[in-house]
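The values are calculated or read from the model by the stated rules, or taken from the named source; none is laboratory data. From a predicted model like this one, the values you see are computed outputs, not experimental measurements. Here the Cβ is made from the backbone with ideal geometry for all residues, glycine too, and neighbour counts use every protein chain on show.
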Amino acid sequence: VSDQKPPISIRRVELRDADAVAACMSDPAVARGLLQLPHGSAEFWRKRIADMPAGNSATEIMLVAELDGAVVGNAGFQPAMALRRRHAVNLGIAVMRQAQGRGVGSALMSALMDFADNWAGILRIELNVFTDNDAALALYKKFGFVHEGTSRAFALRDGQYADVHFMARLHPRQPLLR
Ligand SMILES: CC(C)(COP(=O)(O)OP(=O)(O)OC[C@H]1O[C@@H](n2cnc3c(N)ncnc32)[C@H](O)[C@@H]1OP(=O)(O)O)[C@@H](O)C(=O)NCCC(=O)NCCS
């Protein structure tokens, strides 16, 4: 028996990935960790992906992970709106239930951290996470995110108002002007 892990490849999302992204986001086990509503729509993701900047001018990005040739996860940055917050982005990530626990989330995070730290000039990455989402908390801690605060009754989840932690990661070695 080989203990070699199957290769995970990461690339920018394309329109042809919309159905796979929608399937991942509308799995109830995944959606409950996000702010998605039940009955997610592929049409929504087609439009969302089509409207994403594809070129070299934005910190907004969405990446997908392929495992054994199938798209099983996605992650990305949404830029903060105010010009004075152009160093900051919000992070989102989701991996299909069947592919969780196999390093896909870590591979997506590595690629996003490289994009942020070494290419896009992002200095602050922020997110919120339900306080009982142990897998996500472990992933974020592994990539240097720290707890900044807790909001109570932040979002309705399965009939109950649930708390979230706010977490952020500042650039670990910000490039200086010489
Ligand atoms: C959070 C999520 C993206 C993690 O993706 P993943 O592919 O399972 O992550 P990985 O396999 O790379 O594991 C990441 C780390 O978390 C740890 N981990 C996984 N599940 C865990 C759990 N239930 N409790 C504690 N640690 C856990 C792993 O051991 C691993 O750490 P290691 O590399 O030091 O061993 C995935 O669970 C998911 O999509 N959940 C549903 C959507 C969601 O909640 N998104 C986050 C919203 S804030």
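A few notes on this one:
- Among the residues of this structure, residue 173 counts as one that is away from the ligand (no atom under 12 Å from the Cβ), surrounded by fewer than 16 Cβ atoms within 10 Å (Cβ to Cβ) and touching a residue at least 24 places away in the same chain (Cβ under 8 Å).
- The one condition from (1) in a loop (DSSP other than H, G, I, E, B); (2) surrounded by 13 or more Cβ atoms within 10 Å (Cβ to Cβ); (3) within 13 Å of the ligand (Cβ to nearest atom); (4) among the small types (Gly, Ala, Ser) that residue 54 does not meet is (3).
- For the residues 152, 102, 85, 173, the requirement of being of a type outside the set (Asp, Glu) and out of contact with any strand residue (DSSP E or B) (no Cβ under 9 Å at 6 or more places or on another chain) singles out 173.
- Looking across region 82-130 at every residue that is within 8 Å of the ligand (Cβ to nearest atom) and assigned to a loop (DSSP other than H, G, I, E, B), the one that is surrounded by the fewest Cβ atoms within 10 Å (Cβ to Cβ) is identified as 101.
- Residue within region 21-31 that is touching an Asp or Glu at 6+ places or on another chain (Cβ under 6 Å) and exposed (fewer than 15 other Cβ atoms within 10 Å of the Cβ) present: no
- Figure legend. Inter-residue proximity from region 2-27: first residues under 18 Å from residue 115 (Cβ atoms) and at pLDDT 95 or above, second residues polar (S, T, N, Q) and within 16 Å of the ligand (Cβ to nearest atom), beta-carbon distance below 7 Å, spacing 6+ or different chains. Indicated pairs: 13/74.
- None of 149, 105 is in contact with a His (Cβ under 9 Å, 6 or more places away or on another chain) and at pLDDT 95 or above except 149.
- Members of region 68-92 that are of a type in the set (A, V, I, L, M, F, W, C) and over 19 Å from residue 22 (Cα atoms): 80, 81, 82, 83, 88, 89
- Top-ranked residue of region 59-81 - restricted to ones that are within 16 Å of the ligand (Cβ to nearest atom) and in contact (Cβ under 8 Å) with a residue 60 or more places away in the chain, ranked as surrounded by the most Cβ atoms within 10 Å (Cβ to Cβ): 74
- Any hit, region 130-148, residues being touching a Pro at 6+ places or on another chain (Cβ under 9 Å) and farther than 18 Å from residue 33 by Cα: yes
- Evaluation of residue 41 against (1) of a type in the set (S, T, N, Q); (2) crowded, with 16+ Cβ neighbours inside 10 Å; (3) away from the ligand (no atom under 13 Å from the Cβ) (one fails), failing number: (2)
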